[in-house]
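Have a look at the structure below before the remarks.
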Amino acid sequence: MAYKVFVYGSRKAFPAEGLAVGTRLPFDIFVNEGNVFSKEYSEGHAFGPADRIELLRRGVNEVYVDARDALALDAYLHRTSEEVPANLEDPVTVREYIEHKQQYYQIDRTFLVQGKRVEFGIYRLSDLRLVPLVEPVDNGFGTIPGGLGSCRGDIVIRNEDIPLYQKYLDVVIAEMASAAPTQEEKQKIQAVAIKEKSKTIVKDLLEDPRSGENIKKGMRVVSDLTECILGNPNVLYDLIALNSYDQYTYTHSVNVAVLSTGIGVSCGMGKDVIQDLGVGALLHDVGKSAIPPEILNKPGRLNEREYEVMKSHVLEGIKTIESNDAVPKESRSVILQHHERISGTGYPNRLSGPQISTFGRICAIADCYDAMTTNRPYKDAGTPFQALMQMKVEKANYDVEILDNFIRMLGRTQTARVKAAG
């Protein structure tokens, strides 16, 4: 159903039934009782059944948001009024989704500051649907609404707007760094910024994987990330806490590089070794550039034939970089072995035990963890705890010592985060 929205001065009103149970509110919610406005729920509140019952008990039929949250409200009501889930079997819906995955670029909502004007459109991609959040209309500018931090789905922009986004990013990062109260906060901003900027480099690399210049840029990204993590291990949480609602190869590649680098640091590896590990992790899925988009971006589960095609990305990756002397020999084992399993059940060579390099073992864990904690259109992501428990159940597939080290690393970063928040 569609919900009518009315303007009351600096607020917008809409029916209370538009608040969907099970959603996290992307804006503050106000109520008007006795001509007195008061905040009922803060942005980020998980609206539950008890909240619905309480509003009904008090006879609250209408709720309000600030007018500045108008665009976020439109997006929220559009989503909550969609009662029929997207049909993964509908060829038109699937084709549009695949086109969106190719034509749009996922960005990190951390840097989308409410009230900032932007020269590019911003959209939400969720449940196979693309919903406009910001459109440049006022002399070529749009204004970022509030609530994007808790908006379900991935925030994306058009590929052609990436240069405009990078320009915006440079300004916002500089402002955030200058306003940071401590050196540690500045380091965290710097680390997340490096990760965000590295995605465009990896995207370019995947589109032209044989480019020596793109490979060199990727290696510089790993060097920068390694420096950040070695300089302040606490930034790891800020780097690994940014997961997607859908999988994008460039984002996944950067995530796996961060996780693998973190494992290398926690294992006490030297800087040069960690650098080689990180390069391999960043390039581990480079062979996916050879996979047809209709298979790579298929929103549903792959059938047996499609899965066999997808598995070919490992050998395609090795073929892609075999003539590039800039990629260290040690890094190449990551590309070749990240789907091998200690139990011998992996691919492409069904290696087992000591046949798998330390780098291959590390990346296998990082790759699986990121995949398990990322949503799919057909399956919700598992929590970090659920992912780790599943990996413990399947421990015969992984190097147990490295897995235990990985779990301790995640525990330390979580503890550091809680202390910082406290």
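Laboratory data are not the source of any read-out in this text; all were calculated from the coordinates shown. Predicted, not measured: the structure shown is a model, and the values here were computed from it. Because the Cβ atoms are built from the backbone with ideal geometry, glycine has one as well, and the counts that use them run over all protein chains shown.
Points worth noting:
- Choice from SER266, SER38, SER352 showing the highest fluctuation, given a GNM over the chain with Cα pairs closer than 10 Å: SER38
- Proximal lysine pairs, the range 188-250, alpha carbons under 14 Å, eight or more residues apart or interchain: 6
- Fully extended contour minus Cα-Cα distance, from GLU401 to ASN32, at 0.36 nm per residue: 127.1 nm
- CD proxy at 222 nm, helix term only [per DSSP H run n ≥ 4: -39500 (n - 2.57); per residue of the chain; nearest 500]: -16000 deg cm²/dmol
- Rg/Rh, computed from the Cα trace of the range 180-421 with Rh as the Kirkwood radius, has the value 0.94.
- A Förster distance of 56 Å, applied to the separation of the beta-carbon atoms of GLU304 and GLU62, puts the FRET efficiency at 0.60.
- Available extension along the chain between GLU119 and THR93 is 6.5 nm, counting 0.36 nm per residue and deducting the alpha carbon span.
- Gyration tensor analysis over the Cα atoms of the chain returns equivalent ellipsoid semi-axes of 39, 23, 22 Å (largest first, whole Å).
- Candidate aspartates and glutamates for bridging to LYS271, where Cα separation is under 15 Å - those fewer than 8 sequence places away on the same chain excluded: ASP224, GLU227, GLU330
- In terms of its C-alpha gyration tensor, the range 214-326 has an oblate overall shape, because the principal axis ratio a/c (a ≥ b ≥ c, square roots of the eigenvalues) is not below 1.5 and a/b does not outweigh b/c.
- Modelled spin-label separation between LYS217 and ALA326, with each label point placed 7 Å from Cα along the Cα-to-Cβ direction: 1.0 nm.
- Only aspartates and glutamates eight or more places from LYS288 in sequence, or on another chain, were considered; those with a Cα closer than 12 Å are GLU207, ASP208, GLU316.
- Nearby aspartates and glutamates by direct alpha-carbon distance to LYS395 (threshold 19 angstrom, same-chain neighbours under 8 apart not counted): GLU340, ASP367, ASP370, ASP404
- The residues packed around LYS167, meaning those with a beta-carbon under 14 Å from its beta-carbon, carry a net charge of -3 if Lys and Arg are +1 and Asp and Glu are -1.
- Rounded, prolate or oblate (a/c below 1.5 giving rounded, otherwise prolate when a/b exceeds b/c) for the range 227-279 by Cα gyration tensor: oblate
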